Amino acid sequence: MSFLPSNWVPSSNELLGKTVLVTGASDGIGRSVALACAAVGAEVWLLARQQSALETVYDEILEKGGKTPGIIPVDLIKSDTETYQQIADQLCDADIALDGLVHNASILGERKPLAHTSLESWRDVLQVNIGSIFLLTRFLMPLLQAAPMASLILTSSGVGRRGKAYWGAYAVSKFATEGFMQVLADELRGTSRIRVNSLNPGAVNTKMRRAAYPAEPPNNNPLPEELTDHWVYLLSDLSQDLNGAALNVQS
C-alpha cells in the first residue's frame, strides 16, 4: 500500500521556501525528482558527475519558471573528504539551510557471482552507493540541522531488502543503505527535527534498469517522472511524522 494519502498531488507551491539537494540529478530518477521539486517551488541543488548534463537540467528548470538552481559537479568514485568539505563550504557560502537531501546517485557495477566480482568494481559501487551517503550526510549535517525540519531520502532497491543472486556489490550497498537509514533515523529521533527514510522505486524505465534487465521490454515500466510525487511528499511538511521507514513507490 502506498504511503501517499489517497489521490494526493502536490500543490504548485508545495516546497516553496525549501532548499533541496539531489544527487545523481543529471539523469533518470534524480533528474525527474529535481525537476519535480523545482516545479513546486523548491530551490534545487543538482549534484552529479557530468557538468554538461547538469547544465541541461539547470536550463530546463529555468525554462519552466523554476528558481535558479545550483550545480555541484563531482565524481563520487574519486571523491574524498576534502571534496565533501568543499561541497559543504559552497552551500554555507550561499547561506543555505538544507530542507531536503535526496541520496539518489548509484552505479550498478558488475552483475556476476560474488566470487567473480572484481575488486575495482566492488570498491567503486560501495564508494558511490553508500560511502558517498555517509560522507555527504556527515558534512551537510549542520545545514540540515539549520532547517526548521529536514528530510533525508535514501533511494533503495528491492535487492537491498531481499538479496538476489548475481546482484553483487549493488545489492550489498543497498542493504547498507537500509542499515544507514535505520541507524541515523534512530539517532535523530527525539533529538532533532530531521527525519530519515528509504524509498524503493521498484521497476522504472531508466538506463540502469535497462542495463540490469536487457531482455525486459522497457515500456512495461513507468517513467521516472510518473513517480516523483512520492519524493515530493517525503520532502514536504506533510510527511514530518514519517521517520525510519522503509517505503515503496510501487506495490
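We did not get these values from a lab; they are worked out from the coordinates using the rules stated. None of these values were measured; they are calculated from a predicted model. Cβ sites come from the backbone with ideal geometry, for glycine too, and all protein chains shown count toward neighbours.
Couple of notes before you dig in:
- Extending 7 Å from Cα along the Cβ direction at Val183 and again at Asn7 yields two label points whose distance is 4.4 nm.
- For the pair Ser251 and Gln85, a Förster radius of 45 Å applied to the C-beta separation gives a FRET efficiency near 0.65, rounded to the nearest 0.05.
- Calculated mean residue ellipticity, 222 nm, the chain: -11500 deg cm²/dmol, from DSSP H runs (n ≥ 4) at -39500 (n - 2.57) each, averaged per residue and rounded to 500.
- Max mean-square fluctuation residue, GNM over the chain, Cα-Cα springs under 10 Å, options Tyr213, Tyr170, Tyr58: Tyr213
- Stretch gain in nm, segment Arg123-Lys78, where the contour uses 0.36 nm per residue and the Cα spacing is subtracted: 15.1 nm
- Net charge of Cβ neighbours under 14 Å - reference Leu62; Lys, Arg +1; Asp, Glu -1: -3
- Relative contact order (percent, whole number), the chain, Cα cutoff 8 Å, 6+ residue spacing: 20 percent
- Sequence-separation-based contact order of region 22-107, relative, with Cα cut under 8 Å and 6+ spacing, percent: 33 percent
- Computed over region 121-251, relative contact order equals 28 percent, with contacts defined as Cα pairs under 8 Å that lie 6+ residues apart.
- Just checking the listed ones, Val172, Val102, Val183: in the Gaussian network model of the chain with Cα springs under 10 Å, the one fluctuating most is Val183.
- Here the simple spin-label model places points 7 Å from the Cα toward Cβ, and for Glu225 and Tyr213 these points are separated by 2.2 nm.
- What the pair-distance distribution of region 138-251 shows, using all Cα-Cα distances binned every 5 Å from zero, is 2, 11, 19, 21, 19, 13, 9, 5, 1, 0 percent.
- Among Asp124, Asp95, Asp229, the largest mean-square fluctuation in a Gaussian network model of the chain (Cα springs under 10 Å) belongs to Asp95.
- One decimal place: the segment Asp95-Glu60 gains 10.2 nm when fully extended, by the rule 0.36 nm per residue minus the C-alpha distance.
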